[in-house]
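Quick note: the coordinates plus some simple rules give every number you see, no bench work behind them. All of these numbers come straight from a predicted model, not from anything done at the bench. All Cβ positions, glycine included, derive from the backbone under ideal geometry; neighbour counts span all protein chains shown.
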Amino acid sequence: NFRDHANWLGQADNASNGLDSRDLEEWAPFSNSSYLTILFNNKKFGKNDWGHTRDYRSLTGKPRGTWDFVVRASANISEVTLSWQGDIGLFSQAKLINQVSGETIDVHAGGTYTFEMDGNEHPFSLVLK
C-alpha cells in the first residue's frame, strides 16, 4: 500500500530544460526502510544523491518531449501501478514506454498501468508528441 503522489512533469513559462527552482530533488530513504518512488532522469540535471521528483521544462507552443524516469522500490515491493492525471488534451498522443519489456502504452488522463518490479529499479519514458 505504498503511494507516491508528488511526482510532476510538464512545462512552465519560468522553467528551463535543465535544473531550476521548479525541479525538486527527492531525499534518499532512510537505510533499511521500505520505499516506493518515481525519480526523473533528466541528463541536464547533473549528478545528485538520489534523484528528482519533478521535471519541468521550458514552455513551448505545445507540450512535447520525452521524460525519462525510474520507479525505485525496496526489495519487498513486487507489483506497482502507475497512474497519471492532467489535462485531457495533453494526453492526446502520449505514450508510456516500458524500457524493460519494450511495451508501449497509450496514456489517457485517469489511466493506469500495472507492472511487476524485477529488482529495485524499473526504467520508463513518457513521450508527449
Using a Förster distance of 30 Å, the FRET efficiency for Lys44-Thr81 (Cβ separation, nearest 0.05): 0.55
Spread of Cα-to-Cα distances over 10 Å intervals beginning at zero, given as percent, for the chain: 12, 44, 36, 8, 0
Rough spin-label spacing in nm, given labels placed 7 Å along Cα→Cβ, for Trp8 and Leu59: 1.4 nm
If the convex hull is drawn through the Cα atoms of region 31-82, its volume per residue in Å³: 95 Å³
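Among DSSP bridges having both ends in the chain, what percentage is antiparallel? Round to the nearest 5.
Details: 28 of 33 bridges.
The antiparallel fraction comes to roughly 85 percent.
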Inter-part distance where region 18-32 and region 69-123 are each reduced to a Cα centre, Å: 20 Å
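Chymotrypsin sites (Phe, Trp or Tyr not before Pro), restricted to region 22-93: which are DSSP loop and have at most 15 other Cβ atoms within 10 Å?
Details: sites: Trp27, Phe30, Tyr35, Phe40, Phe45, Trp50, Tyr56, Trp67, Phe69, Trp84, Phe91; in loops: Trp27, Phe30, Tyr35, Trp50, Trp84.
Passing both the DSSP loop test and the Cβ count: Trp27, Phe30, Tyr35, Trp50.
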Relative contact order [Cα under 8 Å, 6+ residues apart], the chain, whole percent: 26 percent
Nitroxide proxy distance, nm - points 7 Å out along Cα→Cβ at Asp118 and Leu19: 3.2 nm
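Report the net charge of residues surrounding Val80, where surrounding means a beta-carbon distance below 15 angstrom and charges are Lys +1, Arg +1, Asp -1, Glu -1. Intermediate results must be reported in sequence, preceding the final value.
Working: positive: Arg3, Arg72; negative: Asp4, Glu79, Glu103, Glu116, Asp118, Glu121.
Every neighbour counted, the sum reads -4.
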